[in-house]
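After the structure tokens below, expect a handful of questions from me.
The values are calculated or read from the model by the stated rules, or taken from the named source; none is laboratory data. These numbers were taken from a predicted model, which means no experiment stands behind them. Backbone-built Cβ (ideal geometry, glycine too); neighbour counts: all protein chains shown. Protein only, heavy atoms only, side chains kept; ligands, DNA and RNA dropped before computing areas. Shrake-Rupley method; radii C 1.70, N 1.55, O 1.52, S 1.80 Å.
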Amino acid sequence: MPKDTFFNLPDEKKRKLVQALHKEFSQHPLINASIARIIATAEIPRGSFYQYFSDLSDAYFYMFDQQITEVADQLMKILREERGDIFQSSQYLFSWLLKEREHFSLLTQALLNLNGHIHQAITSVFTIDTEVIFHLQLEVAPAPFENKTYFSHLLRVISATMIHNFIEAHTQILPLEAAVYNFSQDLQLLNNGHHTVAL
């Protein structure tokens, strides 16, 4: 978490630093990231960096968490629009992420250099608000899932499937349509499979 001095920065200085952080972490995984490049781009002294963040990792996960929060907010928006349909919402979220890949280049870099901490943070998009998502679909879905344990496991599988397809889309440089098609086929298998599972 950034220090208070970061949050108290003038808007323009903070914007420039955030852009420098985004550029660095979009082009390099955390292990190869450089404070020297960040401060050169942001045009700040090295000592100032440590007034704002404890270390490079602190800055990285602040930026990463900002993108995860954006994705989680978008998922909730889509879920409301799609009346709690988790399968359709997941497909729209996946397509949106691919279309906005330039904006989410930091998230893409994180996925392509996945580790345990990053994996846990990414899957939290679905699992951190399981209770909220579960109740939302109960309220608005025409055919809601009523078994919360089953629904929770379904979200985990959808999340893992989305991560797999996102990585595949980027490593194989798939066109948007092909990537969305592959993910929609995986979702269709999950959707068909849930009808055969005893709730």
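At 1.567 mPa s and 4 °C, plugging the Kirkwood radius over alpha-carbon pairs of the range 1-81 into Stokes-Einstein gives what diffusion coefficient in µm²/s? Before the final figure, lay out the partial values.
On the way: Rh = 13.4 Å.
Roughly 97 µm²/s, to the nearest whole number.
Okay, next question. For the residue pair Gln66 and Thr41, what label-to-label distance in nm results when each label sits 7 Å from Cα along the Cα-to-beta-carbon direction?
Once both label points are built, they end up 1.1 nm from each other.
Right, here's the next one. Compute the separation of the alpha-carbon centres of the range 63-103 and the range 1-18 and state it in Å as a whole number.
First find each Cα centre; the distance between them is then 27 Å.
Within the chain, what's the longest stretch lacking GluC sites (Glu not before Pro) that sit in DSSP loops with no more than 14 other Cβ atoms inside 10 Å?
No qualifying site falls inside 44-99, the longest such stretch.
Return, for the Cα atoms of the chain, the radius of gyration and Dmax in Å, separated by a comma.
Final numbers for Rg and Dmax: 18.9, 61 Å.
Using Cα springs under 10 Å in a Gaussian network model of the chain, which residue among Ala20, Ala169, Ala36 shows the largest mean-square fluctuation?
Ala36
Then there's this: Of all the accessible heavy-atom surface of the range 11-101, with the other protein chains kept in place and a 1.4 Å probe, what percent is carbon and sulfur?
Details: 2110 of 4420 Å².
Percent of accessible area from carbon and sulfur atoms in the range 11-101: 48.
Then there is this: If I stretch the segment between Lys148 and Lys99 completely, what's the gain in nm (0.36 nm per residue apart, minus their alpha carbon distance), one decimal?
14.5 nm
If I build a Gaussian network model for the chain, linking alpha-carbon pairs within less than 10 angstrom, which residue out of Ala110, Ala40, Ala160 has the largest mean-square fluctuation?
Comparing Ala110, Ala40, Ala160 in the GNM, the peak value goes to Ala40.
Under the Karplus relation 6.51 cos²θ - 1.76 cosθ + 1.60, θ = phi - 60°, what is the ordered set of whole-Hz ³J(HN,Hα) values for the range 4-15, x standing for Gly and Pro?
4, 4, 5, 5, 8, 4, x, 3, 5, 5, 5, 4
Let me ask another. Which value in deg cm²/dmol, rounded to the nearest 500, describes the helix-derived mean residue ellipticity at 222 nm for the chain, given -39,500 (n - 2.57) per DSSP H run of n ≥ 4 and division by the residue count?
-24000 deg cm²/dmol
Skip the ligands, DNA and RNA, and give the accessible area per residue of the range 28-89 with a 1.4 Å probe, whole Å².
On the way: 2900 Å² over 62 residues.
In whole numbers, the range 28-89 has 47 Å² accessible per residue.
Along the range 141-153, what does the Karplus equation 6.51 cos²θ - 1.76 cosθ + 1.60 (θ = phi - 60°) give for ³J(HN,Hα), rounded to whole Hz, x for Gly and Pro?
Per residue, the Karplus-derived 3J(HN,Hα) values read 6, x, 10, x, 7, 9, 8, 5, 5, 4, 4, 4, 5 Hz.
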